[in-house]
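Following: one structure in structure tokens, then a few remarks.
The values are calculated or read from the model by the stated rules, or taken from the named source; none is laboratory data. What you see is a predicted model, and the numbers here were worked out from it, not measured in a lab. Every residue, glycine as well, gets a Cβ built from its backbone with ideal geometry; the counts of neighbours run over all protein chains shown. These accessible areas exclude ligands, DNA and RNA; they are computed on the full protein's heavy atoms, side chains included. Shrake-Rupley method; radii C 1.70, N 1.55, O 1.52, S 1.80 Å.
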Amino acid sequence: MIKKHLIYKKDKWNMLTVEVNGKTLILREISDQWGEECHTFLSRPAMMQWAEERFPKERYADNEEEWSAIMQAFKEV
């Protein structure tokens with residue numbers, strides 16, 4: 001059974017979801033700039049490391065609430 005988690009969705013062109021399929025985590029990032037990117041992780045720590053590199057806290061200095069919400073959504077996967 002595949003369980004899908006929505007990390008964020010700004011509109012139909014900017015969203016990030018994670019599907020949990022057994023031990024595999026399939027992350028799909030859709031953006032109006034880059035199209036769809038798909039990443040597969042075999043562990044939650046690997047996914048969290050990617051998330052911390054993809055969403056550096058410094059980039060959200062003026063909007064720490066958004067960063068916290070994104071990280072919390074990843075932790076709930």
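General observations
- Debye equation applied to the C-alpha atoms of the range 1-42, log10 I(q)/I(0) at 0.22, 0.25, 0.32, 0.33 Å⁻¹: -0.67, -0.80, -1.06, -1.09
- Computed over protein heavy atoms with a 1.4 Å probe, the accessible surface of the range 1-75 works out to 70 Å² per residue.
- By accessible area, using a 1.4 Å probe on protein heavy atoms only, the chain has 50% of its surface on carbon and sulfur.
- Radius of gyration and maximum dimension Dmax of the chain, Cα, Å: 12.3, 39
- The long axis of helix 64-75 is offset from the longest Cα principal axis of the chain by roughly 10 degrees.
- Paramagnetic reach from residue 40 (point 7 Å along Cα→Cβ, amide N under 19 Å) across the range 17-32: 17-30
- In order along the range 12-23, the Karplus-derived 3J(HN,Hα) couplings, from 6.51 cos²θ - 1.76 cosθ + 1.60 at θ = phi - 60°, round to 6, 10, 9, 7, 9, 10, 10, 9, 9, 10, x, 8 Hz, and Gly and Pro are given as x.
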